[in-house]
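Worksheet for the structure shown next.
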Amino acid sequence: ERAMHAGCVALDTEFVWTRTYYPRLGLVQVGLSGEECFLVDGIEIRDLSPLGRLLADPTVVKILHDAQQDLTILRRVTGSFPRNVFDTRCAAGFAGLSSFISLRDLLREVVEVELDKTESRTDWIQRPLSDRQVAYAIEDVRHLPEVRNVLLSRARQLGLEAWLMEELGEYDDPGLYEERDPRM
């Protein structure tokens with residue numbers, strides 16, 4: 001409920017995709033601000049429909065980095081199509097940075113935060129999660145609202161905000177999230 005009223009919400013997923021046909025969701029990170037971040041257990045919580053309502057709500061901006069894979073996974077587990085997405089990787093290209101920038105490099109460049117990526121290859125299905133896994137997962141979303149503000153400001157200064165918003169509008173296309181046979 002708080003996320004639905006936040007205006008913008010940072011999202012990320014942690015999953016395992018070994019010996020599985022589709023990625024298996026382990027965790028969804030939700031960041032409302034730098035001080036207010038939550039972890040949703042994709043293993044224990046079976047009904048993710050509240051997350052689906054958030055994902056589909058066009059009035060709430062969903063902030064993700066390199067959004068396509070996370071959104072496809074979230075679409076699959078919630079049944080909801082994403083609306084009003086802000087992809088920080090995409091936005092970086094309109095803000096004078098590389099459009100292929102990693103989250104770690106983006107955080108370092110934009111908000112001077114050094115992201116620890118030691119848990120990136122961890123087993124997100126195993127429970128309980130370690131304190132290091134929890135801290136790592138929270139850091140992936142903690143700074144995204146601030147990053148969004150900086151990228152929007154830079155794109156505006158460069159006269160590219162309208163183009164950025166047009167590009168981000170492509171994420172509202174349900175066709176992006178259709179299930180595809182991974183063998184094709």
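Net charge dipole, the chain: roughly 320 debye, given to the nearest 20, about the Cα centre with Cβ charges of +1 for Lys and Arg and -1 for Asp and Glu.
Accessible surface of the chain, 1.4 Å probe: 50 percent of it comes from carbon and sulfur atoms. The helix-only estimate of mean residue ellipticity at 222 nm for the chain, built from DSSP H runs of length n ≥ 4 each weighted as -39500 (n - 2.57), is -11000 deg cm²/dmol after division by the residue total.
Near R127: Cβ cut-off under 10 Å, other residues only, Lys/Arg at +1 and Asp/Glu at -1. The net charge is -3. Remark: segment 82-184 carries 57 Å² of accessible area per residue (probe radius 1.4 Å; ligands, DNA and RNA excluded).
Please work out the C-alpha center-to-center distance from segment 101-126 to segment 133-150 and express it in whole Å. Segment 101-126 and segment 133-150 have Cα centres separated by 9 Å. Along the chain, the longest continuous region that contains none of the trypsin sites (Lys or Arg not before Pro) in a DSSP loop with at most 11 other C-beta atoms within 10 Å is 47-120. Computed over the chain with a Gaussian network model linking Cα atoms closer than 10 Å, the most mobile of A135, A92, A56 is A135. When the Gaussian network model of the chain links Cα atoms closer than 10 Å, the mean-square fluctuations of W17, W163, W124 top out at W17. Taking GluC sites (Glu not before Pro) in DSSP loop states with no more than 10 other Cβ atoms inside 10 Å as exposed sites, the chain has its longest site-free stretch at 45-111.
Just to be sure I understand: with springs between alpha-carbon atoms less than 10 Å apart, which residue in A162, A137, A95 has the highest mean-square fluctuation in the Gaussian network model of the chain? Most flexible of the set in this elastic network: A162. Angle check, please: helix 67-78 long axis (alpha carbons) against the longest principal axis of the chain (alpha carbons), in degrees 0 to 90, nearest 10. Once rounded, the angle reads 40 degrees. Remark: the chain is approximated by an ellipsoid whose semi-axes, taken from the C-alpha gyration tensor as √(5λ), come to 25, 20, 16 Å, largest first. For segment 6-77, the extents of the C-alpha atoms along the principal axes are 38, 23, 22 Å, listed from largest to smallest.
The values are calculated or read from the model by the stated rules, or taken from the named source; none is laboratory data. Just so it is clear, the model here is predicted, and its values are computed rather than measured. Positions of Cβ are generated from backbone atoms using ideal geometry, with glycine treated the same way; all protein chains shown enter the neighbour counts. The protein model used for the area step is the full one, side chains on, heavy atoms only, and it has no ligands, DNA or RNA in it. Shrake-Rupley method; radii C 1.70, N 1.55, O 1.52, S 1.80 Å.
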